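Comments concern the structure below.
The values are calculated or read from the model by the stated rules, or taken from the named source; none is laboratory data. Predicted, not measured: the structure shown is a model, and the values here were computed from it. When we count neighbours, we look across all protein chains shown, and the Cβ atoms used for this are built from the backbone with ideal geometry, even at glycine. Ligands, DNA and RNA are excluded from the accessible area calculation, which covers all protein heavy atoms including side chains. Shrake-Rupley method; radii C 1.70, N 1.55, O 1.52, S 1.80 Å.
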Amino acid sequence: QVQLVESGGGFVQAGGSLSLSCAASGSIVSFNLMGWYRQAPGKQRELVARITSGGITNYADPVRGRFTISRDSQKNTVILQMSSLKPEDTAVYYCSYAVIGQVYWGQGTQVTVSS
């Protein structure tokens, strides 16, 4: 089992910045994929960004150039730096930890961007 604890999020005006952090604990393996997904009301959960244990990153088109994902593998922590936030970024953001055959999710943290 892997437990994910998220922190950060909150309320910000359009154009502002926020940072999300996620700490993984439990049965951590060396090769894994951590990332952030989001789900807005009435919409499906979608990928925001993810990063491999080797540091390879992947971003969704709507956030590329505005968001940056990074990780501290020794601390099993992944951070999402969000800048130039837009109202359409408003959603519950979920941390994920994935290994072959299994995905774990955090409890979610709300990000609200006002216009």
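Using a probe of 1.4 angstrom and keeping all protein chains present, the accessible surface of the chain works out to 53 square angstrom per residue. The share of accessible area on the chain that comes from carbon and sulfur is 51 percent, using a 1.4 angstrom probe.
Return, ordered by residue number, the residues of the range 38-61 whose backbone nitrogen is under 17 Å from a label point located 7 Å along Cα→Cβ of residue 73. Label zone hits: 50-58.
Computed over the chain, the P(r) curve from all C-alpha pair distances, binned at 5 Å from the origin, holds 2, 13, 25, 25, 19, 10, 5, 1, 0 percent per bin.
Gain on full extension, evaluated as 0.36 nm per residue between residue 44 and residue 83 minus their Cα-Cα distance, stands at 11.8 nm. Calculated from the alpha-carbon coordinates, the range 1-52 shows an Rg and a Dmax of 13.5, 38 Å respectively. Shown here are the Rg and Dmax of the Cα trace of the range 54-95, at 11.5, 34 Å. Across the range 27-41, coupling constants 3J(HN,Hα) worked out from phi with the 6.51/-1.76/1.60 Karplus curve, θ = phi - 60°, read 7, 7, 10, 5, 9, 8, 10, 10, x, 10, 10, 9, 9, 8, x Hz, and Gly and Pro carry x.
Chymotrypsin sites (Phe, Trp or Tyr not before Pro) within the range 9-39: which are DSSP loop residues with at most 12 other Cβ atoms inside 10 Å? Present the calculation step by step, with values, prior to reporting the outcome.
Numbers: sites: 11, 31, 36, 37; in loops: 31.
Sites meeting the loop and neighbour criteria: 31.
Summarising the amide proton neighbourhood of residue 90: residues at separation of 5 or more, or on other chains, whose placed amide H is nearer than 5 Å comprise 113.
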